[in-house]
């Protein structure tokens with residue numbers, strides 16, 4: 001098993017958006033925590049009361065197929081008869097406590113940092129959208145240049161909005 005804790009950037013690529021939750025797949029977490037996926041899931045099953053719905057979900061066959069298709073590192077799951085489990089930020093922390101190893105504790109700290117960083121990125125994106133709306137309204141109301149160059153400014157705003165609102169995959173986190 002891998003004992004080098006990945007960087008935040010590497011971890012961010014392993015965070016997926018499934019059913020509206022940012023999650024990590026059990027096999028990625030097992031590798032990160034230095035155990036087999038079987039061992040990880042045994043510990044989860046022994047401590048199932050610690051993993052309510054908002055901590056862990058079991059993927060459906062279509063979700064499994066989609067995540068396998070989109071994530072190269074998860075292709076080994078394609079032929080597994082077991083449906084993978086996906087853990088939210090809170091679930092990943094709980095995993096570290098039930099695995100109770102030094103590497104699991106260190107890895108869970110890095111996982112939490114990755115989730116927090118993604119939350120900050122999403123928050124910044126929302127703040128930018130609010131500022132863009134305010135600027136657009138202000139320009140329309142008060143700037144005589146808007147009337148003169150309105151079509152160019154409108155194209156600029158539309159382009160920025162399209163970049164900010166490009167469709168996101170339901171599985172996989174894309175910034």
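Please treat every number below as a calculation from the coordinates, not as lab data. A quick note: this is a predicted structure, and the numbers were derived from the prediction, not measured. Every residue, glycine among them, receives a Cβ derived from its backbone with ideal geometry; neighbour counts consider all protein chains shown.
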Original post:
Using alpha carbon coordinates only, what is the Rg to Rh ratio of the stretch 1-53, with Rh defined as the Kirkwood radius?
Top reply: 1.00
Original post:
Among 101, 27, which comes first, then next, by fewest other beta-carbon atoms within 10 Å?
Top reply: 101, 27
Original post:
Which distance in Å, rounded to a whole number, links the C-alpha centroids of the stretch 76-107 and the stretch 1-64?
Top reply: 4 Å
Original post:
Peptides 92-100, 43-51, 80-88: what's the order by average Cβ count within 10 Å, highest mean first?
Top reply: 92-100, 80-88, 43-51
Original post:
Roughly how large, in nm² to one decimal, is the mean projection of the convex hull of the alpha-carbon atoms in the stretch 8-121?
Top reply: 6.6 nm²
